[in-house]
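Contents: one structure, followed by commentary.
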Amino acid sequence: MLKQRILTVLLLAPALIAAIFYLPLNYFAGLILAVMAIGAWEWGPLMGFSTKRRRIAFVLTNVAMILGLWIYLPVETIWLSATELHSSIIYILWLTVAWWMLSAFLTVRYPRCSTFWSSHRSVRGLFGWLTIVPTWLAFLILRSHEYPIDRYDGAQLIMFLFLMVWSADVGAYFFGKSFGKHKLMPNVSPGKTVEGFLGGIFSACLLVSVAGFILEWNLAQYITVLLVTVLITTISVLGDLNESMFKRQAGIKDSGSILPGHGGILDRIDSLTATAPIYALCYVFFGW
């Protein structure tokens, strides 16, 4: 299993990084749309769908909403200036924040508050839309920043998000294995510990600090980015726990099997679905 995981990363990581840096904006938007479509397919079992017809229908609704956003907000119109987004996008991002606040409440209260949403597929479908569609938009927001002036500025923003999330994941794994004693949310994910959670935040902050030293940040930049890092790494755990909650309720281990050794697309991007929209909102308001 470990060999499969490493091999998958070694094959996909260079391709992913190349796509982020070198694909033209509309091609990048299409690639992320394809990833979100696979994620929507994998959300089907979380809704209790056992037939391909219903899963395809859910995929199509997600694709239709994303295409609607794409037509209404072409990628070159997302940013009005270097620090100002289209007003409609701000509303969508705040709606996403509201969803993840609700998600945090449902996760903390699981299984006590699961009766209603677990018995209504339409509610779980709404949760899926609120998870998948804004993720596509968030990546377009980040990638298109300053694109006419610097084609790689947005790519660097995305890589910085990955740096935060991945370093937190690695740190949480090793700190949890070495020191983990106190369960974080045993009803949702028995393997996660408080020590792992804190270790993940520490690891992300350490790596971001090293990056800041290389980039010669001033004190204000350090304070801003470290505060954002703590927020984003905390939210990344929420995204992971959120999917774990839905999988536990549905009685499944992995969202899919498309990535050998890793499971499904949702298993790999669950943290990013929660963090990408909020990271984009943080950048709009605080910058660095």
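The values are calculated or read from the model by the stated rules, or taken from the named source; none is laboratory data. What you are looking at is a predicted structure, and each value in this text was computed from that prediction instead of being measured. In this analysis, Cβ positions are derived from the backbone assuming ideal geometry, glycine residues included, and neighbour counts consider all displayed protein chains.
For the reader, a short list of remarks on this structure follows.
- Set side by side, the residues S255, S236, S209 differ, and just one is of a type in the set (S, T, N, Q) and modelled with pLDDT under 95, which is S255.
- Selected residue (only one of M101, M47 is surrounded by 14 or more Cβ atoms within 10 Å (Cβ to Cβ) and of a type in the set (A, V, I, L, M)): M47
- Residue that is farthest from I17 (Cα to Cα), among those in the stretch 160-174 that are of a type outside the set (F, W, Y) and surrounded by fewer than 18 Cβ atoms within 10 Å (Cβ to Cβ): V170
- Scanning the stretch 110-134 for residues that are β-branched (V, I, T) and either under 20 Å from the mean Cα position of the chain (by Cα) or within 28 Å of A280 (Cβ to Cβ) (or both) yields V123, T131, I132, V133.
- Index of the failed condition, Q221 passing every other in (1) surrounded by 18 or more Cβ atoms within 10 Å (Cβ to Cβ); (2) more than 19 Å from the chain's Cα centre (by Cα): (1)
- Qualifying residue in the stretch 175-194 (condition: crowded, with 16+ Cβ neighbours inside 10 Å, closer than 27 Å to L25 by Cα and in contact with a helix residue (DSSP H, G or I) (Cβ under 7 Å, 6 or more places away or on another chain)): no
- Number of residues in the stretch 10-55 that are assigned to a helix (DSSP H, G or I) and without any contact (Cβ under 8 Å) to a residue 60 or more places away in the chain equals 20.
- Filter result for Y72 (within 21 Å of the chain's Cα centre (by Cα), among the aromatic types (F, W, Y) and on the phi < 0 side of the Ramachandran plot): no
- Within the stretch 63-83, being in contact with a Leu (Cβ under 9 Å, 6 or more places away or on another chain) and more than 30 Å from W288 (Cα to Cα) holds for V63, L67.
- Annotation: of all residues in the stretch 231-288 being closer than 30 Å to N218 by Cβ and of a type in the set (V, I, T), the one that is surrounded by the most Cβ atoms within 10 Å (Cβ to Cβ) is T275.
- Among helices (runs of 4 or more DSSP H) entirely within the stretch 115-191, having at least 3 residues that are farther than 28 Å from M65 by Cβ singles out 153-179.
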